Amino acid sequence: MKLHIAFIYFLSAIVLSCNYNYLKQSQTDLNQQFSMPEEKISELSYIFINQMVFIPKCISCHGTSGNIKLETYSDIISNLPAIQKTVFIERAMPKRGFLSNEEQSALWNWIKIGAPEKSANNTDPAIDPLIPTFDSINKHVFQTSCKDCHNSTGSGKRILLDKASLMNSPLELIIPGNPDESGLIIAIERTDDKRMPSTKEGYSALNDETKLVIRAWIQNGAKD
């Protein structure tokens with residue numbers, strides 16, 4: 001029995017050693033693959049990475065639902081090891097689409113320097129908030145959480161989300177001045193399995209702030 005236990009410890013030590021050496025080698029390779037000039041690294045910040053990577057590529061799944069949320073800086077910091085592992089070691093994320101070499105390089109180097117909230121040279125890009133206009137909603141919501149299904153070849157091709165299609169839909173998706181009866185609001189605020197973005201496709205529900213902005217746009221007449 002003692003020999004058996006000793007053998008198990010021996011095998012465990014070998015496995016741990018191999019994993020450590022693999023991760024160390026992987027990090028060395030990634031440092032070389034995603035090397036960036038120092039002046040570019042000094043520009044990296046949470047705001048920059050959030051707008052470049054997390055909002056367009058991650059929030060649709062890792063939003064209000066799911067075990068790993070990435071909506072805030074604190075969410076991301078608490079999940080950094082998982083992000084680093086799934087994106088760069090396992091290559092399992094994002095599930096939909098992929099990160100370009102530029103996006104991977106920025107993300108890798110931001111994590112490498114400690115994932116700072118602000119850039120070292122104080123050149124953070126201006127925050128582009130979600131506001132109640134179609135262009136803003138299209139950029140922050142439709143293009144990040146809806147476009148994979150609602151396009152001419154997707155599972156939601158019957159409902160397209162360009163402004164003309166929304167305004168002229170026979171399903172009354174947008175009733176200017178009347179968000180309560182607008183199909184879009186009904187779809188995003190319902191809590192059953194027909195909620196949009198689709199629970200069946202693994203998307204997170206929109207957060208309350210986003211829903212209120214879309215409501216305000218319709219309440220204001222959906223003009224802009």
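The values are calculated or read from the model by the stated rules, or taken from the named source; none is laboratory data. The model shown is predicted, which means the values in this text are computed figures rather than measured ones. Cβ coordinates were reconstructed from backbone atoms using ideal geometry, including for glycine residues, and neighbour counts include every protein chain displayed. In case anyone asks, the SASA skips ligands and DNA or RNA and just uses the protein heavy atoms, side chains included. Shrake-Rupley method; radii C 1.70, N 1.55, O 1.52, S 1.80 Å.
Accessible surface area normalised per residue over the chain is 60 Å², counting heavy atoms of protein chains with a 1.4 Å rolling probe. Modelled spin labels at Asp224 and Asn101, positioned 7 Å past Cα toward Cβ, are 4.0 nm from each other. Between helix 2-33 and the chain there is an angle of about 60 degrees, using the helix long axis and the longest principal axis of the Cα atoms.
If you place +1 on the Cβ of every Lys and Arg and -1 on the Cβ of every Asp and Glu, how big does the dipole about the Cα centre of the range 86-168 come out, in debye to the nearest 20?
Details: 10 positive and 9 negative charges, 74 e Å.
The dipole of the range 86-168 has a size of about 360 debye.
How high is the relative contact order of the range 61-215, in percent, counting Cα pairs under 8 Å that sit 6 or more residues apart?
Computed over the range 61-215, the figure is 21 percent.
Would you work out what percent of the accessible area of the chain, with all protein chains in place, is carbon or sulfur (probe 1.4 Å)?
Numbers: 7520 of 13450 Å².
With neighbouring chains kept in place, the figure for the chain is 56 percent.
Of the residues Asn101, Ala115, Ser169, the one whose Cα sits farthest towards the positive end of the charge dipole of the range 97-224 is Ser169 (charges of +1 on Lys and Arg Cβ, -1 on Asp and Glu Cβ, taken about the Cα centre).
Could you give the size of the charge dipole of the chain about its Cα centre, using +1 on the Cβ of each K and R and -1 on the Cβ of each D and E, expressed in debye and rounded to the nearest 20? Don't jump to the answer; show the numbers that get you there.
On the way: 23 positive and 25 negative charges, 157 e Å.
It comes to approximately 760 debye.
The residue list Ile59, Asn138, Ala82 was ranked by how far each Cα lies along the charge dipole of the chain toward its positive end, using unit charges on Cβ atoms, and Ala82 comes out on top. For Asp180 and Arg158, the FRET efficiency from 1/(1 + (r/R0)^6), where r spans their Cβ atoms and R0 equals 22 Å, is about 0.40. Most tightly packed first, judged by the mean number of other beta-carbon atoms within 10 Å of their residues, the peptides 187-195, 141-149, 31-39, 110-118 read 141-149, 110-118, 187-195, 31-39. Angle of helix 208-219 to the longest C-alpha principal axis of the chain, folded into 0 to 90 degrees and rounded to 10: 20°. Between Ala216 and Lys139, the modelled labels are 1.6 nm apart [label points 7 Å from Cα along Cα→Cβ].
Step through the table entries Lys95/Lys223; Lys112/Lys157; Lys85/Lys147, compare each Cα-Cα distance with 31 Å, and write down the pairs that go over it. Intermediate results must be reported in sequence, preceding the final value.
Details: Lys95/Lys223 35 Å; Lys112/Lys157 41 Å; Lys85/Lys147 27 Å.
Correct reply: Lys95/Lys223; Lys112/Lys157.
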